[in-house]
Amino acid sequence: MEDLLNAFFLMSNFVFVPAIAYGSQLALGAVGVTLVYGILRFSNFAHGDTMAFGTMFVILFTWLFQSYGINLGPLPTALLALPFGIIITIVFLLGSDKFVYRFYRAKKAVPVTYLIASVGIMFVLNGIVRFIIGPNDQRFADGERFIIKAKTMKQFLGTAEGVSIKVSQGLTVVTAIIVVMVLFWFLNKTRTGKSMRAFSDNEDLALLSGINPDKVVAVTWILVAILATIAGTLYGLDKSFKPFTYFMLLLPIFASAIVGGLGNPLGAIAGGFVIAFSEIMITYPYKKFVAYIVPGDWKPEGLVQLLATDYKFAVSFIILVLVLLFRPTGIFAGKSV
Amino acid sequence: MSFLVGENMTGGYGGADILHGCSIAAEKGEIAVIVGPNGAGKSTAMKAIFGMLDIHTGSILLDGEDITELSPQARVAKGMAFVPQTANVFPTMSVEENLEMGAFLRRDDISKTMDEVFESFPILKDKRLQNAGELSGGQRQQVAVGRALMTQPKVLMLDEPTAGVSPIVMDELFDNIIKVARTGITILMVEQNARQALNIANKGYVMVQGRNKFTDTGEVLLNNPEVRKSFLGG
């Protein structure tokens, strides 16, 4: 009995809790990608670096506040800096739409043209971030680190294993839930939100109904800026900020959006968790877990690891390819790629 | 002066002209139907009246006002409503949301108009929370027409409303169109089912190759031997 409890704690500590946190971060990123695909009808390859851009400004303002001695007690100071990072990202994205994407909209370009343009914007963002904050790891989390510590739990319960839950992980889940609730209220209950869904559904009919396309485009970019900055900040608080990592996040984020069905925000959230859990569960060494479950002489010799952790992104990539091959519209039947 | 007039329209989609001096008119509360063989320019004529096509010669007048230069959205604001032939609903939105989107330009209370639409199309009331894309073809057409009616238009234009619809549903749709016309709304309709359409029409326009060929009341056209031979199958 105690072995099963230990096994459960082990899985929770190394798989469930990290996967839920990582899944929430991917979910927020994937919703941003799926909104652009559904409403503006192109794959935004600049999303990862948009997250880096927003997070960079949150970090800079966090350092500024820390230097003034302003802090938020047990919670990270970054939360105070978040609105500033969001506003700057909104300005950048609206500017990129005005100076880049609008040009192609006027020419009625095909979707792949926008995709290549977004790759260009990705390189610009890449350069800006590295130029301002440098390519190295930055840590900006402060305040309390843990909500529960595995050591404390082990001492309290007398078990061999315990579960750690970091403040950043708890914050990620709470923030993600709030953001998603607000977003869904906006899309389903407000006039502007409904007009954006209509525009995504049937653009010509939406225009005929008098929906203003410029307003829809602007609100979409504002939402994307908010989502990207929050997702990037939560990821940075939880792990660390390194521009290259954010660029790499593009793969699992796109995998999440496609698995859930492009254009479908609910799908993007589900997809985020599918990818996160898959990545972590497939690369987790189950040796200790199996040792707790099976009787004595069946204990495994090797690590019982399906894939080395270096191959985490390969998991996203394989899932992405399989979904595209066998069910391109995703779980929730969004638009085909 | 007719309520809706498309006078001497000539134009096309950019290359060659499709319409050649075509004239269509409809009185207030009247049902005007445009029929003709495939490729005659029927849908093109209606799109020209709605402003989805640029005409280089001719003019469009609504209640005496020249609206030739206005965009389709501006014409919607003036009281025109257009129901396209395909892709005429928002498939992932509910029936009720579709109707709300139809009334997007209105800032006043739309619940009374929505109740009127539900009264005309009772099955939509039953399915008000269902996604429009899940409905059958005939029900989707009703959503499309209901959506157009939400702006309380003066003119309702329908592009082949009975295309791909079963005969019983076609009768129902035409019944509903007559009901709408009785409330004082002018109806302009392009139809392939010429016989049934001309049956309910006050005025019929037979178009061939972008030109008016025959113009008369629906009844006269139905009994015209040339019209019968060409399109109605004798």
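Read the figures in this text as sums done on the coordinates, not as results from a lab. All figures in this text were calculated on a predicted structure; none of them were measured in a lab. In this analysis, Cβ positions are derived from the backbone assuming ideal geometry, glycine residues included, and neighbour counts consider all displayed protein chains.
A few remarks follow.
- Chain B, relative contact order in percent, only Cα pairs under 8 angstrom and at least six apart counted: 28 percent
- Cα convex hull of segment A:273-333 - mean projected area over all directions, nm²: 5.3 nm²
- Built amide H within the under 5 Å cut-off of residue B:8, gap 5+: B:23, B:24
- Applying both filters, DSSP loop and at most 10 other Cβ atoms within 10 Å, to the chymotrypsin sites (Phe, Trp or Tyr not before Pro) of segment A:25-82 gives A:68.
- Whole-Hz ³J(HN,Hα) from phi, Karplus 6.51 cos²θ - 1.76 cosθ + 1.60, for segment A:147-156, glycine and proline x: 8, 10, 10, 4, 4, 4, 5, 4, 5, 5
- Membrane-span-like helices in chain B, defined purely by DSSP H runs whose alpha carbon atoms cover 15 Å or more axially and whose average Kyte-Doolittle hydropathy reaches 1.6, do not occur.
- Folded to 0 to 90 degrees: helix A:312-326 orientation relative to chain A principal axis, Cα: 60 degrees
- Computed Kirkwood radius, in angstrom, where 1/r is averaged over Cα pairs of chain A: 21.1 Å
- Centre separation in Å (Cα based) which lies between segment B:81-127 and segment A:1-28: 47 Å
- Pairs over the 27 Å Cα-Cα cut-off, from the set B:47/B:154; A:189/B:154; A:107/A:189; A:108/A:189; B:78/B:112: A:189/B:154; A:107/A:189; A:108/A:189.
- Local electrostatic count, residue A:113, Cβ distance below 11 Å [Lys/Arg +1, Asp/Glu -1]: +3
- Lys, Arg +1 and Asp, Glu -1 on Cβ, resulting dipole of segment A:2-326 about Cα centre, debye, nearest 20: 660 debye
- Mean separation of Cα contacts under 8 Å (6+ apart) over length of chain A, as relative contact order %: 31 percent
- The DSSP beta bridges internal to the protein assembly as shown are antiparallel in roughly 60% of cases.
- Exposed GluC sites (Glu not before Pro) absent: longest stretch of chain B, with sites in DSSP loops and at most 16 other Cβ within 10 Å deemed exposed: B:70-234
- C-alpha long axis of helix A:167-189 to longest principal axis of chain A, angle in °: 30 degrees
- Summarising the overall dimensions of segment A:6-137 from its C-alpha atoms, the Rg and Dmax are 18.2, 62 angstrom.
- All aspartates and glutamates inside 15 Å of residue B:127 as judged from Cα atoms, apart from same-chain residues fewer than 8 positions distant: B:96, B:97, B:100, B:115, B:119
- According to the calculation over all Cα-Cα pairs in segment A:91-168, the P(r) per 5 Å bin from zero is 3, 12, 13, 11, 8, 8, 8, 8, 8, 8, 6, 4, 2, 0 %.
- Note on segment A:2-326: dipole from Cβ charges, positive end direction compared against A:68, A:211, A:35; the farthest Cα belongs to A:211.
- Computed from phi, the 3J(HN,Hα) profile of segment A:248-259 under the Karplus parametrisation 6.51, -1.76, 1.60 (θ = phi - 60°) reads 5, 4, 3, 5, x, 5, 5, 4, 4, 5, 6, 4 Hz, with x in place of Gly and Pro.
- Sites excluded, trypsin sites (Lys or Arg not before Pro) in DSSP loops with at most 16 other C-beta within 10 Å, longest stretch of chain B: B:129-234
- Pairs of Cα atoms nearer than 8 Å and 6+ residues apart set the relative contact order; for segment A:1-139 it is 30 percent.
- Under a model in which nothing but the beta-carbon of Lys, Arg (+1) and Asp, Glu (-1) is charged, the protein assembly as shown shows a dipole of about 1040 debye around its Cα centre.
- Chain A, helix-only ellipticity at 222 nm - DSSP H runs n ≥ 4, -39,500 (n - 2.57), divided by all residues, nearest 500: -22000 deg cm²/dmol
- The H on the amide N of residue B:205, modeled in the peptide plane, is under 5 Å from the matching H of B:33, B:34, B:35, each at least 5 residues off or on a different chain.
- Signed unit charges on C-beta, dipole axis of segment B:78-230, positive-most listed residue B:145, B:123, B:201: B:201
- Nearest-ten-degree value, helix A:17-35 long axis tilted from longest Cα axis of chain A: 10 degrees
- Gaussian network model of chain A, springs between alpha carbon atoms under 10 Å - residue of A:307, A:262, A:205 with greatest fluctuation: A:205
- Shape analysis of the protein assembly as shown based on the Cα gyration tensor places the equivalent ellipsoid semi-axes at 59, 26, 21 Å, largest first.
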